Amino acid sequence: MQSDVLFEGDVPCLWARKHEEPNGKNFRKTGRMNEEVIPILHVRDATAAVAWYGRLGFAKQWEHRFEPGFPAFVEITRGRVRLFLSEHKDDARPDTLVYLRVRDVDAVAAEFGAQAKDAPWAREIELRDPDGNRLRVGTPTE
């Protein structure tokens, strides 16, 4: 009997969907995957949220609903950065804060009509998505 549990060292990997490594190899074949933290943000309308996050350079990867008309659970990515957007009531708290490091915060600021400010650790802006989640976006100082 073949198990659906894969291991990275001693860490079980229970992903059901295909996950590609940066070199293009499927982790189910190699038994390796990168560990990561993926924040979950609560959204009322996943379609509207995906469009808003598209302005930050995120693209929708997949969407899941248990049945038509049920709440959506969506993955969006920007390079190697992933976020989960969930319409499910108890998946995440409103007013969550996520920090996003980018190469050019001034370009992001221009897209959103915001003014970047210098902090000792980074040049930053703070944005709120349509659902009130906060995104602090910054480029580290050199």
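So which residues in the stretch 43-100 are hydrophobic (A, V, I, L, M, F, W, C) and without any contact (Cβ under 8 Å) to a residue 12 or more places away in the chain? I'd like the intermediate steps shown before the answer.
We begin by selecting, within the stretch 43-100, every residue hydrophobic (A, V, I, L, M, F, W, C); these are 43, 46, 48-52, 56, 58-59, 62, 66, 70, 72-74, 76, 81, 83-85, 92, 97-98, 100.
Within the stretch 43-100, Ala51, Phe66, Phe70 qualify.
Specify the residue that is surrounded by the most Cβ atoms within 10 Å (Cβ to Cβ); the eligible residues are those in the stretch 110-126 that are closer than 16 Å to Gly57 by Cβ and either among the charged types (D, E, K, R) or in contact (Cβ under 8 Å) with a residue 24 or more places away in the chain (or both).
Among those that are closer than 16 Å to Gly57 by Cβ and either among the charged types (D, E, K, R) or in contact (Cβ under 8 Å) with a residue 24 or more places away in the chain (or both), it is Phe112.
Which of the following residues is closer than 21 Å to Ala110 by Cα and under 15 Å from the mean Cα position of the chain (by Cα): Val74, Val50? Lay out the reasoning, then the answer.
Working: Val74 fails: closer than 21 Å to Ala110 by Cα.
Step by step, each of Val74, Val50 is checked, and only Val50 is closer than 21 Å to Ala110 by Cα and under 15 Å from the mean Cα position of the chain (by Cα).
Every residue in the stretch 54-102 that is of a type in the set (Gly, Ala, Ser) and either outside any loop (DSSP other than H, G, I, E, B) or in contact with a Ser or Thr (Cβ under 9 Å, 6 or more places away or on another chain) (or both), please. Steps first, please.
Going through the stretch 54-102, the residues of a type in the set (Gly, Ala, Ser) turn out to be 54, 57, 59, 69, 72, 79, 86, 92.
Within the stretch 54-102, Gly54, Ala59, Ala72, Ser86, Ala92 qualify.
Which residues, counting only those in the stretch 127-142, are part of a loop (DSSP other than H, G, I, E, B) and without any contact (Cβ under 8 Å) to a residue 24 or more places away in the chain? Quick ask: steps written out before the conclusion?
Initial filter on the stretch 127-142 (part of a loop (DSSP other than H, G, I, E, B)): 129-133, 141-142.
If the condition is that a residue be part of a loop (DSSP other than H, G, I, E, B) and without any contact (Cβ under 8 Å) to a residue 24 or more places away in the chain, then Thr141, Glu142 are the ones that fit.
Consider Ala49 against the criteria (1) under 17 Å from Gly132 (Cβ atoms); (2) open to solvent by 50 Å² or more (accessible area, probe 1.4 Å); (3) of a type in the set (A, V, I, L, M, F, W, C): it satisfies all of them except one. Which criterion is unmet?
(2)
Take the residues of the stretch 119-142 that are of a type in the set (Val, Ile, Thr) and more than 16 Å from the chain's Cα centre (by Cα): which is modelled with the lowest pLDDT?
Step one: filter the stretch 119-142 for residues of a type in the set (Val, Ile, Thr), giving 125, 137, 139, 141.
Next cut, more than 16 Å from the chain's Cα centre (by Cα) only: 125, 139, 141.
On the way: Ile125: 98, Thr139: 97, Thr141: 91.
The residue in question is Thr141.
Being β-branched (Val, Ile, Thr) and either at pLDDT below 95 or under 20 Å from Arg101 (Cα atoms) (or both) is the filter here, so list the residues in the stretch 39-63 that pass it.
Within the stretch 39-63, the first condition is being β-branched (Val, Ile, Thr), and the residues that meet it are 40, 43, 47, 50.
If the condition is that a residue be β-branched (Val, Ile, Thr) and either at pLDDT below 95 or under 20 Å from Arg101 (Cα atoms) (or both), then Ile40, Val50 are the ones that fit.
Given the criterion open to solvent by 50 Å² or more (accessible area, probe 1.4 Å), closer than 30 Å to Glu142 by Cβ and either polar (S, T, N, Q) or touching a strand residue (DSSP E or B) at 6+ places or on another chain (Cβ under 7 Å) (or both), identify the matching residue among Arg55, Arg78, Arg32, Arg101.
Numbers: Arg55 fails: either polar (S, T, N, Q) or touching a strand residue (DSSP E or B) at 6+ places or on another chain (Cβ under 7 Å) (or both); Arg78 fails: either polar (S, T, N, Q) or touching a strand residue (DSSP E or B) at 6+ places or on another chain (Cβ under 7 Å) (or both); Arg32 fails: closer than 30 Å to Glu142 by Cβ.
Just one listed residue meets the conditions, Arg101.
The values are calculated or read from the model by the stated rules, or taken from the named source; none is laboratory data. Just so it is clear, the structure is predicted and the values come from calculations on it, not from any experiment. So basically every Cβ, Gly included, is an ideal-geometry build from the backbone, and we count neighbours across all protein chains shown. Areas reflect the complete protein model, heavy atoms only, side chains present, ligands, DNA and RNA absent. Shrake-Rupley method; radii C 1.70, N 1.55, O 1.52, S 1.80 Å.
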